[in-house]
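Asker: Have a look at this one.
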Amino acid sequence: MPDVSATAERSPAEGATAAPAVEIRGASKRYGEVTALEELDLKIEQGEFFSLLGPSGSGKTTALRLIAGFETPTTGRVFLLGQDVTGLPPYDRDVNTVFQDYALFPHMTVAANVEYGLMVKKVSARDRRDRVADALRMVRLEAYGKRKPAELSGGQRQRVALARALVNRPGVLLLDEPLGALDLKLRQQMQIELKAIQRDLGLTFIYVTHDQEEALTMSHRLAVLNDGRIEQVGPPADVYERPASRFVAGFVGTSNLVEGAAAEKIAGSEEPFTIRPEKMRFLLEADLPAPDDCVVSGRIEEVIYLGSSTRFLVSVDGAGDQTLIVNEQNRGLRSPEALDVLGRRVRIAWDRRNNRPV
Ligand code: ADP
Ligand code: MG
């Protein structure tokens, strides 16, 4: 199985000296009263798998549309390979977009759908045939050229949409929530395929998603957007382990936010901090915490069995209404018994170096 862990891979951004594939400088986009993007600055290197992650309405699609040329920024500039393309129409940009709804022509065959863009560009019939065959092979649909979109599964339709973009051999591929309509298993399979295609062709992918797990597993780097602004840019492990803001800590994975009197009691200072649930462990009666540990005692208020792990909600003694989420891997055979611990008194410990000030 292909390795999709982006962290294990060297980012092409490291040591790159070539012009960035895409650069956005101080781009804002306003629609009347609505500010969709505010002063966006972004540099994406050639060959990079870069994700834009954020909740609905955070400006992800608007950012893609500025890069593709479907919109012009209210202020700011867009560059492709160092060239200012701010005023250029979409067809003069070496960029292709894969949309979430596929936007296939229903009356045309798969091959004709893929070929369409090449016809518009007046590519010769022979070249068209070769390139369509290439593109269909890349997405493993070589046997499906004669079918109509209605005769395909959701995942296959998504692959046609991808082939239709790849056939143009764009330098940059923009993907707007391309797997949003697929069920979980198919989505995970397509994640692996997309990642493999990106790596094999060395293309620059800019991938929009609201799914933090998708962004973490697929990207070399990601930008977290909130309300039209970038909250953080970095490799997945950096964003996850060192969230730059409260928003990032809460949106990328699950985090406990500890503040005020609870922070004082737990960590000795009122400075608010976040702590990930998987960094914590329960102490047994005889266990001694390490010197650098934060230790709290409390009561288990809720137990959520998640299969591979169990999530506990613990109310902390003498810390107002502060609760902590604690995650534990279900290693032992006694996992089903975890549900019996409701109401039990516990001690929790974690290395205080995992506390992230926010
Ligand atoms: P996302 O893709 O992250 O869900 P969008 O980029 O689509 O977010 O939208 C960002 C904000 O801009 C939203 O508040 C949205 O309602 C607004 N917006 C986007 N396009 C338009 C438009 N054509 N006219 C008015 N408002 C728009
Ligand atoms: Mg969108």
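The values are calculated or read from the model by the stated rules, or taken from the named source; none is laboratory data. These numbers come from a predicted model, not from an experiment. Note that we place each Cβ from the backbone using ideal geometry, even for glycine, and neighbour counts take in every protein chain shown.
Asker: Could you name every one of the strands (runs of 3 or more DSSP E) located completely within region 74-189 that has at least 3 residues being surrounded by fewer than 19 Cβ atoms within 10 Å (Cβ to Cβ) and in contact (Cβ under 8 Å) with a residue 12 or more places away in the chain?
Answerer: Because the criterion is at least 3 residues that are surrounded by fewer than 19 Cβ atoms within 10 Å (Cβ to Cβ) and in contact (Cβ under 8 Å) with a residue 12 or more places away in the chain, the strands (runs of 3 or more DSSP E) in region 74-189 that meet it are 75-80.
Asker: Take ARG299 and tell me if it is touching a residue at least 12 places away in the same chain (Cβ under 8 Å), buried (at least 17 other Cβ atoms within 10 Å of the Cβ) and either basic (Lys, Arg) or over 20 Å from ARG356 (Cβ atoms) (or both).
Answerer: Values: touching a residue at least 12 places away in the same chain (Cβ under 8 Å): yes; buried (at least 17 other Cβ atoms within 10 Å of the Cβ): no; either basic (Lys, Arg) or over 20 Å from ARG356 (Cβ atoms) (or both): yes.
No.
Asker: Right, next: Residues of region 208-234 being crowded, with 19+ Cβ neighbours inside 10 Å and not in a strand (DSSP E or B), which ones?
Answerer: Once the filter is applied, which keeps residues that are crowded, with 19+ Cβ neighbours inside 10 Å and not in a strand (DSSP E or B), region 208-234 yields GLN212, GLU214, ALA215, LEU216, MET218, SER219, HIS220, GLY228.
Asker: Being closer than 30 Å to LEU40 by Cα, charged (D, E, K, R) and more than 16 Å from ligand 1 (Cβ to nearest atom) is the requirement here; does ASP101 meet it?
Answerer: The answer is no for ASP101.
Asker: Can you find a residue in region 343-350 that is within 20 Å of ARG242 (Cα to Cα), out of contact with any Ser or Thr (no Cβ under 9 Å at 6 or more places or on another chain), of a type outside the set (A, V, I, L, M) and modelled with pLDDT of 95 or more?
Answerer: yes
Asker: If ARG65 satisfies all but one of (1) under 25 Å from VAL239 (Cβ atoms); (2) in contact (Cβ under 8 Å) with a residue 24 or more places away in the chain; (3) within 16 Å of ligand 2 (Cβ to nearest atom), what's the number of the condition it fails?
Answerer: Of the numbered conditions (1) under 25 Å from VAL239 (Cβ atoms); (2) in contact (Cβ under 8 Å) with a residue 24 or more places away in the chain; (3) within 16 Å of ligand 2 (Cβ to nearest atom), the odd one out for ARG65 is (2).
Asker: Kindly provide the set of residues from region 257-273 that are surrounded by fewer than 21 Cβ atoms within 10 Å (Cβ to Cβ) and in contact (Cβ under 8 Å) with a residue 40 or more places away in the chain, ordered by number.
Answerer: Filtering region 257-273 down to residues surrounded by fewer than 21 Cβ atoms within 10 Å (Cβ to Cβ) leaves 257, 259-261, 263-265, 267-272.
Within region 257-273, LEU257, GLY260, ALA261, LYS265, ALA267, GLU271, PRO272 qualify.
Asker: Listed residues ALA111, ALA68, ALA36; which is more than 17 Å from ALA165 (Cα to Cα) and either at pLDDT 95 or above or over 25 Å from the mean Cα position of the chain (by Cα) (or both)?
Answerer: Of ALA111, ALA68, ALA36, the one residue that is more than 17 Å from ALA165 (Cα to Cα) and either at pLDDT 95 or above or over 25 Å from the mean Cα position of the chain (by Cα) (or both) is ALA36.
Asker: Can you confirm whether region 303-318 contains a residue that is farther than 23 Å from ASP211 by Cβ, modelled with pLDDT of 90 or more and outside any strand (DSSP E or B)?
Answerer: Yes, region 303-318 has at least one match.
Asker: Might you check whether a residue that is surrounded by fewer than 17 Cβ atoms within 10 Å (Cβ to Cβ) and either among the hydroxyl-bearing types (Ser, Thr, Tyr) or under 30 Å from ASP176 (Cβ atoms) (or both) occurs anywhere in region 280-296?
Answerer: No, there is no match, as no residue in region 280-296 is surrounded by fewer than 17 Cβ atoms within 10 Å (Cβ to Cβ) and either among the hydroxyl-bearing types (Ser, Thr, Tyr) or under 30 Å from ASP176 (Cβ atoms) (or both).
Asker: Condition check: within 16 Å of ligand 1 (Cβ to nearest atom) and over 18 Å from TYR207 (Cα atoms). Does THR62 satisfy that? Working first, answer last.
Answerer: Working: within 16 Å of ligand 1 (Cβ to nearest atom): yes; over 18 Å from TYR207 (Cα atoms): no.
So THR62 fails the test.
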